[in-house]
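Trainee: Dropping a structure here in structure tokens format, bear with me for questions.
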Amino acid sequence: MPSEVVDDAAEAGLPIATSDAPTLDVLRHSAAHLMAAAVTELFPGAKYDVGPSIEDGFFYNFRLPGDAHFTEDDLGVIEERMRLLSKRALPYLPDVLPRAEARALFEQLDQPFKVAIIDRLDAGVDRVSVYRTGDFIDLCRGPHVADSGVVHAFKLLRVAGVYWLGDERNEQLQRVYGTAWFSDEELDAYLHRLEEARRRDHRRLGQELDLFSFPEELGSGLVVFHPNGGLIRTLMEDYSRERHIAAGYEFVNTPHITKEDLFQISGHLDWFSEGVFPPLELDEGQRYYLKPMNCPMHILIFRSRMRSYRELPLRLFEFGTVYRYEKSGVVHGLTRARGFTQDDAHIFCSREQMQGELVSLLDFTLGLLRDYGLSDFYLELSTKPEGKAVGTDKEWEEATGALREAASGRGLELVLDPGGGTFYGPKISVQARDAIGRTWQISTIQVDFQLPHRFGLEFVDPSGGTSRPIMIHRALFGSIERFFAILVEHYAGAFPLWLAPVQCELIPVQDDEPAVVASIADLAARMRAARLRPHVDDRPGERMQARVRTAELHKVPYVVVIGKRDVERNDGMLSLRDNRRGGAQQQVAVDDLIERLTAEVRERRPE
RNA sequence: GCCGACGUAGCUCAGUGGUAGAGCAGCGGUUUCGUAAACCGCUGGCCGGGAGUUCGAAUCUCCCCGUCGGCUCCA
């Protein structure tokens with residue numbers, strides 16, 4: 001959900017005339033009015049709904065007369081009209097009207113959305129403000145810029161269908177999005193940022209770097225990793241595995257399908273049915289489901305025998321592949337797939353151990369993410385979703401309190417997400433900012449009293465009696481595919497050396513010089529012996545320049561070019577090109593080169 | 001799921017009712033070149049799938065699949 005500074009016109013109240021030093025919000029809100037003015041001129045009979053400023057821009061919702069719809073081509077036309085209106089420097093004129101009079105006005109203008117807004121105002125509101133811009137009049141609490149001439153650095157970006165009042169049972173309106181800034185320079189900079197985001201798009205880089213694909217025959221939201229992507233993924237998993245072993249996790253494996261009983265008991269079929277693929281029917285009418293979550297399987301492992309308090313905390317880890325039915329319109333590359341693999345673990349512990357586990361878990365999580373090159377975090381605490389939750393208020397309070405406790409004192413910003421928890425418990429999400437400042441939800445840590453209860457889990461406590469364990473669900477990458485996509489975008493495809501599929505491209509200047517060929521082969525062998533991943537570009541018929549270019553396009557971190565001159569000089573020095581630093585070159589000795597690269601890998605340097 | 005746009009060679013795209021095209025990639029040859037593209041030639045397509053309209057469909061209509069931008073959802 002993008003953070004929208006919603007101009008809830010329902011609060012239309014006292015007018016604030018014009019703003020001498022308008023903020024970006026004011027400017028953008030004024031741009032929204034200007035757009036609506038242009039639209040109502042160009043499309044007589046258009047009904048306008050609301051038009052707030054949002055992050056980086058603004059929008060306005062419309063219903064066009066008849067079955068008419070905006071097309072992308074209309075954006076240019078509307079934009080032109082806006083420029084015309086802008087040049088006329090039309091003042092934004094405020095007025096205050098008695099509520100009934102305003103209602104009659106919009107009734108007369110045949111603007112049903114505005115009438116509806118007035119009707120939804122609190123009973124105590126008896127006066128509302130309106131703004132006029134040329135012939136356009138809008139219910140609005142302001143403030144606005146002085147005149148439309150201030151709104152000149154803008155661009156309309158896209159058109160979208162939206163539900164009236166955001167409720168999918170309502171009719172769909174058309175929303176036009178735009179961006180607006182005080183100066184053309186700022187506008188250009190913003191458009192540049194959009195371009196930069198497009199350049200980093202993991203779907204595009206996934207194809208260019210031959211990392212993965214979504215074959216149409218496979219079905220929407222289902223991915224295949226190619227050798228390059230597969231290697232990166234394996235390296236990501238290997239390091240995660242190593243760290244989990246060190247942190248006291250034990251590894252388990254579970255199947256991809258299960259009888260419905262399991263998810264009946266867990267409650268997923270009641271609470272999560274929309275996300276579950278339809279069942280497979282067996283001959284005897286037995287129903288099997290693809291697993292949307294791993295937790296019930298791990299619970300069965302816990303429950304497979306009597307457990308002692310001495311075994312706790314029991315941390316069961318699995319790269320568990322799950323399948324979730326995502327609505328067709330929401331599938332999006334690797335970040336929203338229908339089949340994906342979680343780095344999923346469930347920690348079974350006593351109530352007394354819970355707090356300590358959460359604290360060390362959060363440390364573990366942030367440390368691991370930092371090793372993958374992310375360093376700018378904030379935390380989000382999601383609380384009980386009213387009406388969609390199981391368990392008592394007391395349990396929810398305890399679990400929420402424990403999470404809050406663990407999250408505080410981390411030196412990280414903690415944002416509240418009311419009602420955002422799962423049906424079985426509250427959660428902390430770790431959010432990270434990437435290289436161009438976008439935020440991604442990464443890790444999730446959830447406290448759960450419910451599943452242990454539903455599955456009747458218990459352990460023998462020190463007194464010889466039985467107690468019920470607490471479960472902590474946690475996925476640090478979230479989903480490997482998603483985390484992979486985030487890294488692709490964060491690094492713009494130029495992975496740090498320890499994750500780069502090819503770490504050093506070795507390029508012969510001549511293919512037919514035995515001494516050059518031998519020198520390259522020798523260097524490649526020495527690098528492999530040092531557990532580095534060199535690649536020799538000996539494609540016949542390609543010139544050295546073309547090979548350098550290919551290595552650059554493939555975002556290979558380092559390039560070594562060896563030719564006759566090097567061999568003849570015979571001083572052991574090589575020409576090393578650093579692709580991540582604009583192709584900067586330097587001379588290095590072979591031993592130094594290998595030492596330098598292995599150190600960079602060992603330290604997992606982010607670039 | 002909903003609104004809109006789109007789907008032509010491995011990739012990026014041109015082609016709007018009359019014989020399917022370009023660049024790159026791939027393959028074959030020539031070239032052996034010092035840090036971002038040598039040159040010549042060749043191959044490559046059920047124009048996403050199906051049904052319809054038409055003498056004739058990549059092109060028009062409908063259904064399905066898939067992609068993109070949003071909405072809703074992200075439990």
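The values are calculated or read from the model by the stated rules, or taken from the named source; none is laboratory data. Bear in mind the structure is a predicted one, so any value in this text is a computation, not a measurement. When we count neighbours, we look across all protein chains shown, and the Cβ atoms used for this are built from the backbone with ideal geometry, even at glycine. Side chains included, ligands, DNA and RNA excluded: accessible areas come from the protein's heavy atoms. Shrake-Rupley method; radii C 1.70, N 1.55, O 1.52, S 1.80 Å.
Trainee: Which value, in Å² rounded to 10, gives the accessible area of A:Asp261 with a 1.4 Å probe and all protein chains present?
Mentor: A:Asp261 has an accessible surface of roughly 80 Å² with all protein chains in place.
Trainee: Determine, from the Cβ-Cβ distance of A:Asp376 and A:Arg569 and an R0 of 60 Å, the FRET efficiency 1/(1 + (r/R0)^6), rounded to the nearest 0.05. Mind dumping the intermediate values first?
Mentor: Details: r = 46 Å, r/R0 = 0.77.
Result of the calculation: an efficiency of 0.85.
Trainee: Post the alpha-carbon centroid distance, region A:21-95 to region A:503-549, in whole angstrom.
Mentor: Here the two parts' Cα centres lie 59 Å apart.
Trainee: Continuing with this model, one more query. Explain nothing, just the number: dipole magnitude of chain A about its Cα centre with +1 on each Lys and Arg Cβ and -1 on each Asp and Glu Cβ, in debye rounded to the nearest 20.
Mentor: 980
Trainee: Could you size up the charge dipole of region A:18-85 around its Cα centre, putting +1 on the beta carbon of Lys and Arg and -1 on that of Asp and Glu, and report it in debye to the nearest 20?
Mentor: 240
Trainee: What's the extension gain from A:Asp393 to A:Glu281 if we count 0.36 nm per residue and subtract their Cα-Cα distance?
Mentor: Additional length available on full extension: 36.5 nm.
Trainee: Now, a different point. At 222 nm, what helix-only mean residue ellipticity would chain A give, in deg cm²/dmol to the nearest 500, using -39500 (n - 2.57) for each DSSP H run of four or more? Don't jump to the answer; show the numbers that get you there.
Mentor: Working: 18 runs with 213 residues, N = 607.
Rounded to the nearest 500, the figure is -11000 deg cm²/dmol.
Trainee: Continuing with the same structure: Report the calculated FRET efficiency for A:Gln545 and A:Ser360 (r = Cβ-Cβ distance, R0 = 41 Å), to the nearest 0.05. Can you show the working numbers first?
Mentor: On the way: r = 53 Å, r/R0 = 1.30.
E between A:Gln545 and A:Ser360, to the nearest 0.05, is 0.15.
Trainee: Could you sort A:Ile594, A:Ile232 by their accessible area in this structure, using a 1.4 Å probe and putting the largest first? Display every interim value, and only then the final one.
Mentor: Numbers: A:Ile594 25, A:Ile232 0 Å².
Descending accessible area places them as A:Ile594, A:Ile232.
Trainee: Scan region A:343-413 for GluC sites (Glu not before Pro) in coil per DSSP, keeping those whose Cβ has at most 14 other Cβ atoms within 10 Å, and list them by number.
Mentor: Here the sparse-neighbourhood loop sites are A:Glu386, A:Glu413.
Trainee: While we're here: Please go through region A:284-360 and write out the chymotrypsin sites (Phe, Trp or Tyr not before Pro) that DSSP classes as loop and that have at most 12 other C-beta atoms within 10 Å.
Mentor: Counting only loop positions with at most 12 other Cβ atoms within 10 Å, none of the chymotrypsin sites (Phe, Trp or Tyr not before Pro) in region A:284-360 qualifies.
Trainee: Find, among the trypsin sites (Lys or Arg not before Pro) in region A:144-232, those assigned to loop by DSSP (not H, G, I, E, B) with at most 12 other beta-carbon atoms within 10 angstrom. Numbers along the way, then the final one.
Mentor: Details: sites: A:Lys155, A:Arg158, A:Arg169, A:Arg175, A:Arg193, A:Arg198, A:Arg199, A:Arg200, A:Arg203, A:Arg204; in loops: A:Arg169.
Filter output for region A:144-232: A:Arg169.
Trainee: Accessible area per residue of chain A at 1.4 Å probe, in Å²? List each step's numbers first, then the result.
Mentor: Numbers: 28110 Å² over 607 residues.
Here the residues of chain A average 46 Å² of exposed surface.
Trainee: OK, next. So for the pair A:Arg581, A:Glu195, with labels modelled 7 Å out along Cα→Cβ, what separation do we get in nm?
Mentor: A separation of 2.7 nm, rounded to one decimal place.
Trainee: Once each part is reduced to its C-alpha centroid, what is the distance from region A:385-456 to region A:317-356 in angstrom?
Mentor: Measuring centre to centre over Cα atoms gives 14 Å.
Trainee: Straight-line reach from A:Lys47: which lysines have Cα under 27 Å away, leaving out those fewer than 8 places along the same chain?
Mentor: A:Lys87, A:Lys114, A:Lys155
Trainee: Taking amide hydrogens as modeled 1.01 Å from N in the peptide plane, which residues meet the under 5 Å criterion relative to A:Val536, leaving out close sequence neighbours?
Mentor: A:Leu506
Trainee: Right, another one. Provide the solvent-accessible area of A:Thr466, counting protein heavy atoms only and rolling a 1.4 Å probe, rounded to the nearest 10 Å².
Mentor: Roughly 80 Å² of A:Thr466 is accessible to a 1.4 Å probe.
Trainee: Got a sec? Charge dipole of chain A, +1 on Cβ for Lys and Arg, -1 for Asp and Glu; which of A:Phe484, A:Tyr309, A:Cys504 is way out at the positive end?
Mentor: The listed residue farthest towards the positive side: A:Tyr309.
Trainee: Here's a follow-up. How much accessible surface does A:His192 have with a 1.4 Å probe, in Å² rounded to 10?
Mentor: The accessible area comes out at roughly 130 Å².
Trainee: Just to check I understand the Karplus step: with θ = phi - 60° and J = 6.51 cos²θ - 1.76 cosθ + 1.60, what whole-Hz values come out for region A:177-188, glycine and proline as x?
Mentor: Going residue by residue, I get 9, x, 10, 8, 9, 6, 10, 4, 5, 5, 4, 4 Hz, with x marking Gly and Pro.
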